[in-house]
1. Among the residues of segment 139-162, write down those that are among the aliphatic types (A, V, I, L, M) and either more than 21 Å from Leu218 (Cβ to Cβ) or in contact (Cβ under 8 Å) with a residue 40 or more places away in the chain (or both).
2. How about segment 22-57: which of its residues are of a type outside the set (Ser, Thr, Tyr), in contact (Cβ under 8 Å) with a residue 40 or more places away in the chain and either farther than 17 Å from Phe92 by Cα or in contact with a Pro (Cβ under 8 Å, 6 or more places away or on another chain) (or both)?
3. Please determine, by comparing only the residues of segment 38-59 that are touching a strand residue (DSSP E or B) at 6+ places or on another chain (Cβ under 9 Å) and not in a strand (DSSP E or B), which one is farthest from Tyr219 (Cα to Cα).
4. Does Lys80 fit the bill of being among the charged types (D, E, K, R), assigned by TED's automatic domain parsing to the domain that holds Tyr148 and farther than 24 Å from Thr157 by Cα?
5. Please verify whether segment 80-100 includes one or more residues that are touching a His at 6+ places or on another chain (Cβ under 6 Å) and at negative phi.
6. Select, from Pro50, Pro9, the only residue that is outside the structural domain of Tyr154 (by TED's automatic domain parsing) and over 28 Å from Phe135 (Cβ atoms).
Amino acid sequence: MYSTKPLLPRLDFSNRITRTLVFDPAMSEGSGLSTRDTVSGQYGTFQNAPTWGKGTYGNTVDFSAATNKAIDYSNINAAKGLTKFSIETYIFQTGSGGSGYGQIIGKTNGTTNRYFILDNDNFAGGWGMTLVISFTGQGTWSVPYPTYNIWTHYVWTMDASSVSNTPSCYKNGVPITVTVRQVPTGTLPADSNTITVGNLSSSERLYSFGGQILYVRLYNSVLGADQAKSLYQNPFQIYTQPSNNWLKISSMLKSVNGLSRGSVKTINGLGLGSMKGWNGLV
């Protein structure tokens, strides 16, 4: 079991859960102004200075202390037009977020087409953590607010091919009751390939998430209860390399450019202690 998030995650497609993954901004870099979606290879750009943080399980992105922070992804084609999907996230909430609506992820172009959003409706005694899907008549479902100042894992699943379906939600691997707040009608709207993490959209910046996000993932399937529990127990099982030791020089490597292995501290900026496999050596 991987205890922390890999610094340079690589997907393991032998894992049946990974095979339906369509979006995974791993937020693993720990520095810089962008973070890579491991599925598409596209980089999401930091808007209005979210900051890097550290959590129990590795690097995080902190969206608190301002209302307009976000990470924008504009070319996530694999996540376009999802009718069956799951949202998985690990969050550390410290406050209500921008305008009382701290957004975890939004697939929307703003006010006219909110394909779906996952947020925390804390405004004026609101509904809790809510999943909103913009059918012709909007559907909204909620679960109780996350507990502040503790890392919490959520998996939301939805078959949106019919307005008669309702989502499921798993908190720390356990199914919890979902309350219907608005009954949807009609059909899903046209969808774009833009995704915003930590806020509503690229055009609406008032709703930054109130806290840190370890990661947020999208799947093009309705994950089952066993899969939700498995992801809580081992959230980094979708990657091929354990912990932060994605590379490690073995004892077969005696020297580099004439220097003894004990004298060599880094190769291209990578510490030898964190390297596995180099120039074909195992």
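The values are calculated or read from the model by the stated rules, or taken from the named source; none is laboratory data. Just so it is clear, the structure is predicted and the values come from calculations on it, not from any experiment. Note that we place each Cβ from the backbone using ideal geometry, even for glycine, and neighbour counts take in every protein chain shown.
1. If we filter segment 139-162 for residues that are among the aliphatic types (A, V, I, L, M), which is where we start, we get 143, 150, 155, 158, 160.
Scanning segment 139-162 gives Ile150, Val155, Met158, Ala160.
2. In the first step, residues of segment 22-57 are kept if they are of a type outside the set (Ser, Thr, Tyr); the result is 22-27, 29-30, 32-33, 36-37, 39, 41-42, 44, 46-50, 52-55.
Filter once more, keeping what is in contact (Cβ under 8 Å) with a residue 40 or more places away in the chain: 22-27, 44, 47-48, 50, 53, 55.
Those that are of a type outside the set (Ser, Thr, Tyr), in contact (Cβ under 8 Å) with a residue 40 or more places away in the chain and either farther than 17 Å from Phe92 by Cα or in contact with a Pro (Cβ under 8 Å, 6 or more places away or on another chain) (or both): Val22, Phe23, Asp24, Ala26, Gly44, Gln47, Asn48.
3. Asn48
4. Values: among the charged types (D, E, K, R): yes; assigned by TED's automatic domain parsing to the domain that holds Tyr148: yes; farther than 24 Å from Thr157 by Cα: no.
It is false that Lys80 is among the charged types (D, E, K, R), assigned by TED's automatic domain parsing to the domain that holds Tyr148 and farther than 24 Å from Thr157 by Cα.
5. Within segment 80-100, the subset touching a His at 6+ places or on another chain (Cβ under 6 Å) is 90.
Subset that is at negative phi: 90.
Yes, because at least one residue in segment 80-100 is touching a His at 6+ places or on another chain (Cβ under 6 Å) and at negative phi.
6. Numbers: Pro50 fails: outside the structural domain of Tyr154 (by TED's automatic domain parsing).
Every option except Pro9 fails the conditions.
To keep it simple, each residue is scored yes or no on (1) in the same structural domain as Ile176 (by TED's automatic domain parsing); (2) at pLDDT 95 or above; (3) surrounded by fewer than 18 Cβ atoms within 10 Å (Cβ to Cβ).
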{"site": "Gly211", "(1), (2), (3)": "yes, no, no"}
{"site": "Leu214", "(1), (2), (3)": "yes, no, no"}
{"site": "Leu218", "(1), (2), (3)": "yes, yes, no"}
{"site": "Ala225", "(1), (2), (3)": "yes, yes, yes"}
{"site": "Ala228", "(1), (2), (3)": "yes, yes, no"}
{"site": "Thr240", "(1), (2), (3)": "no, no, yes"}
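Residue by residue, here is whether (1) closer than 16 Å to Ser86 by Cα; (2) among the aliphatic types (A, V, I, L, M) holds:
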position: Gln138; (1), (2): no, no
position: Trp141; (1), (2): yes, no
position: Thr147; (1), (2): no, no
position: Ile150; (1), (2): no, yes
position: Thr166; (1), (2): yes, no
position: Gly173; (1), (2): yes, no
position: Thr177; (1), (2): no, no
position: Arg181; (1), (2): no, no
